[in-house]
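Below: the structure, in structure tokens.
The values are calculated or read from the model by the stated rules, or taken from the named source; none is laboratory data. Computed from a predicted structure; not experimentally measured. Note that we place each Cβ from the backbone using ideal geometry, even for glycine, and neighbour counts take in every protein chain shown.
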Amino acid sequence: MNPESFIPLLLALLLSPLLPGIINRTKALFAGRRGPPLLQIYFDLGKLLRKGAVYSRTTTWIFRAGPMLELAAALAAAMLVPLGNFAALIAFPADFLLFAGLLGLMRFFTVLAALDTGSSFEGMGASREVFFSALAEPALLVALATLARQAGSFSLSTMLGQVSGGHWLHLGPVLALVMIALMIVLLAENERIPVDDPNTHLELTMIHEVMVLDHGGPDFAFIVYGAALKLWLLTALVVGMVVPATGASWLDLALVMGGMFAVAVIVGVVESVMARLRLVMVPQLLVGAGALAAAAFLLGLK
Amino acid sequence: MNNTNIILILVVLTNLKLLGSSRLGASIRVVAMQGVVLGLLPVLAHTNELSLRYAVLAAGTIALKGIVFPWFLFRAVREAEVTREVEPYVGYVTSLLAGVLILAVSFWMCERLPMPETLASSWLAPVAFFSIFAGLFLIVSRKRAVNQVLGFLVLENGVYTFGVGLAPHTSLLVEAGVLLDVFVAVFVMGITIFHINREFDHIETNRLSTLKD
């Protein structure tokens, strides 16, 4: 095993809470506020980890296991995603299916823990989350399949590493379609506007936030950290395919890191200028993303 | 990657947008945009022989499809005083999925069909067929007469796309004839919509078919 393979994983572990910080800062700048410090998520995590957890008497062991399993799934997914020229820790053909599966597993445990509380609000959030992710997942898979076909490889590490300037020159529009589809999936999977508003605390409109209302202390820290990791990983997918590989490892890494933060800024801008979609419109957006990915796949065949 | 392919992708995207769009005004604007984009196709597809013929074709197409038809349809919608919803038989999400299916079928079909060598792009024939089928689908899946006119226009855009791809083989007269036909058709449809609306106070075709006396 190459020691360099640990670089993507280490960067993900260390820097992932920075992305939500950048998003919040961008939103604050747009609104004319100073906003929370960039490292706010780290402070939050430290604070939460020092607290004790309170458990309701209706909950069972599932509720306590949920956050841990979620974080475990996120960590496992983090081992599969490459960064720039550095291959991921684990890379094998068709590992993108495992990646999608691990994201699904993570969501499954969030939903299970939410249902375990017996609260009707959490059940509502769980129902929405499952519905929307069922629509987002085909878009993600078809988009990755298109990439796999263009790169001629079924492994995430080679798939993202091999998309170069040449690909963009030949099939620019196709790759652009895939990128837009992946970007919509990123916004949907990470509960961002226009699908879900991470700041809302009105029970009737929340999706993700409502499911984690009953968690506290270290459990909530795991959830926040897991969510940050997920955002990091999906951002790495989008950036990995947009930033062409130059060949020089460290230059590539610098470019990719710049791209990651740029995507975070873009997410912040989207959240500042757009309103949340009505809930009935969200399936249309997600199926639209799937249709874009499918169109890209078909156009890429020729 | 040449300009033709970018135009063809725009055509695919506008068709998908039409299938998923719930607003009448937006649909008309999208069809207008598709018309303008397709108007540029003859000029960009045959850059090596930039002649007056293609320029005239482009100018005529853009003027008709980008300006005259939208203006006419907006006028028909305004005078018929319909609401701004599309009112489909088949829902928007299902329509989008059907669109993807149609695209796949078009690609599959064009693999099988013998194609002339001179097509400007390998995507041209599949995208043309996609427009034709998507137009047909829009005609049968929407209730409003205005939407059916839009479906007809998309269908014609598909025929036009294919025709432009074959432009060196066909004469300008054929293209001009098709354009004229479409113009008359839209003109007649616009008047019909207005008259249907005046007689029955609505333009919903499903309610017309249950009419007695």
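None of A:L102, A:L160, A:L169, A:L135 is in contact (Cβ under 8 Å) with a residue 24 or more places away in the chain, assigned to a helix (DSSP H, G or I), among the aliphatic types (A, V, I, L, M) and over 27 Å from A:P3 (Cα atoms) except A:L135. Quick one: in the range A:252-279, which of the residues that are outside any helix (DSSP H, G or I) and surrounded by 15 or more Cβ atoms within 10 Å (Cβ to Cβ) is nearest to the other protein chains (Cβ to nearest Cβ)? So, considering only residues that are outside any helix (DSSP H, G or I) and surrounded by 15 or more Cβ atoms within 10 Å (Cβ to Cβ), the one nearest to the other protein chains (Cβ to nearest Cβ) is A:L277. Could you look through the range B:72-100, keep only residues that are at pLDDT below 80 and within 14 Å of another protein chain (Cβ to nearest Cβ), and pick out the one that is nearest to B:V37 (Cα to Cα)? That would be B:V86.
No other residue among A:D219, A:D214 is crowded, with 20+ Cβ neighbours inside 10 Å, part of a helix (DSSP H, G or I) and acidic (D, E) apart from A:D219. For A:L169, the requirement of being of a type outside the set (K, R) and within 19 Å of the chain's Cα centre (by Cα) is not met. I want to confirm something. Restricting to the range B:84-105 and keeping residues that are free of Cβ contacts under 8 Å to residues at least 24 places away in the same chain and not aliphatic (A, V, I, L, M), which single residue is nearest to B:R142 (Cα to Cα)? So the residue we want is B:G91.
Cβ separations smaller than 8 Å between residues 6+ apart or across chains give the following pairs from the range A:269-296 residues that are free of Cβ contacts under 8 Å to residues at least 60 places away in the same chain to residues that are aliphatic (A, V, I, L, M): A:Q284/B:V93; A:Q284/B:L96; A:A291/B:L16; A:A291/B:L96; A:A291/B:L97; A:A291/B:V100. Within the range A:67-94, being more than 26 Å from A:Y55 (Cα to Cα), modelled with pLDDT of 90 or more and not in a loop (DSSP other than H, G, I, E, B) holds for A:A76, A:A77, A:A78.
Scanning the range A:175-209 for residues that are at pLDDT below 85, out of contact with any Phe, Trp or Tyr (no Cβ under 9 Å at 6 or more places or on another chain) and of a type outside the set (A, V, I, L, M) yields A:D197, A:P198, A:N199, A:T200, A:H201, A:T205, A:H208, A:E209. Taken together, the residues in the range B:107-123 that are facing another protein chain (nearest Cβ under 10 Å), surrounded by 18 or more Cβ atoms within 10 Å (Cβ to Cβ) and not aromatic (F, W, Y) amount to 2. Within the range B:182-189, at least one residue is in contact (Cβ under 8 Å) with a residue 60 or more places away in the chain and of a type in the set (V, I, T).
Please verify whether A:V282 is surrounded by 17 or more Cβ atoms within 10 Å (Cβ to Cβ) and more than 14 Å from every other protein chain (Cβ to nearest Cβ), treating the condition exactly as stated. Considered against the rule, which asks whether it is surrounded by 17 or more Cβ atoms within 10 Å (Cβ to Cβ) and more than 14 Å from every other protein chain (Cβ to nearest Cβ), A:V282 comes out as no.
Among the conditions (1) β-branched (V, I, T); (2) within 14 Å of another protein chain (Cβ to nearest Cβ); (3) farther than 15 Å from B:I9 by Cα, B:V140 misses just one, which is (2). Restricting attention to the range B:91-119 and to residues that are in a helix (DSSP H, G or I) and among the β-branched types (V, I, T), the residue that is nearest to B:I132 (Cα to Cα) turns out to be B:I102. Looking across the range A:243-265 at every residue that is under 17 Å from the mean Cα position of the chain (by Cα) and without any contact (Cβ under 8 Å) to a residue 24 or more places away in the chain, the one that is nearest to A:G152 (Cα to Cα) is identified as A:G259.
I'd like to verify a number: residues in the range A:105-129 that are without any contact (Cβ under 8 Å) to a residue 40 or more places away in the chain and more than 29 Å from A:M159 (Cβ to Cβ), how many? Final tally of qualifying residues: 4. Just one of the listed residues (A:L135, A:L115, A:L160, A:L156) is surrounded by fewer than 20 Cβ atoms within 10 Å (Cβ to Cβ) and farther than 22 Å from B:I9 by Cβ, namely A:L115.
The set of residues in the range A:133-169 that are under 27 Å from A:R107 (Cβ atoms) and within 12 Å of chain B (Cβ to nearest Cβ) comprises A:L135, A:P138, A:A139, A:V142. Here A:G172 passes the criteria (1) at pLDDT below 85; (2) away from chain B (no Cβ under 14 Å) except the one numbered (2). Filter the range A:1-35 down to the residues that are surrounded by 16 or more Cβ atoms within 10 Å (Cβ to Cβ) and over 16 Å from A:L89 (Cβ atoms) and list them by number. Listed by number, the residues that qualify are A:P17, A:L18, A:L19, A:P20, A:G21, A:I22, A:I23, A:N24, A:R25, A:T26, A:K27, A:G35. Taking B:F69 as the residue in question, decide whether it is touching a helix residue (DSSP H, G or I) at 6+ places or on another chain (Cβ under 7 Å), more than 14 Å from chain A (Cβ to nearest Cβ) and not hydroxyl-bearing (S, T, Y). Here the answer is yes, as B:F69 does meet what is asked.
Sub-6 Å Cβ pairs linking a first residue in the range A:4-17 that is at pLDDT 90 or above to a second residue that is among the β-branched types (V, I, T), at least 6 apart or interchain, are A:P17/A:I41, ordered by first then second residue.
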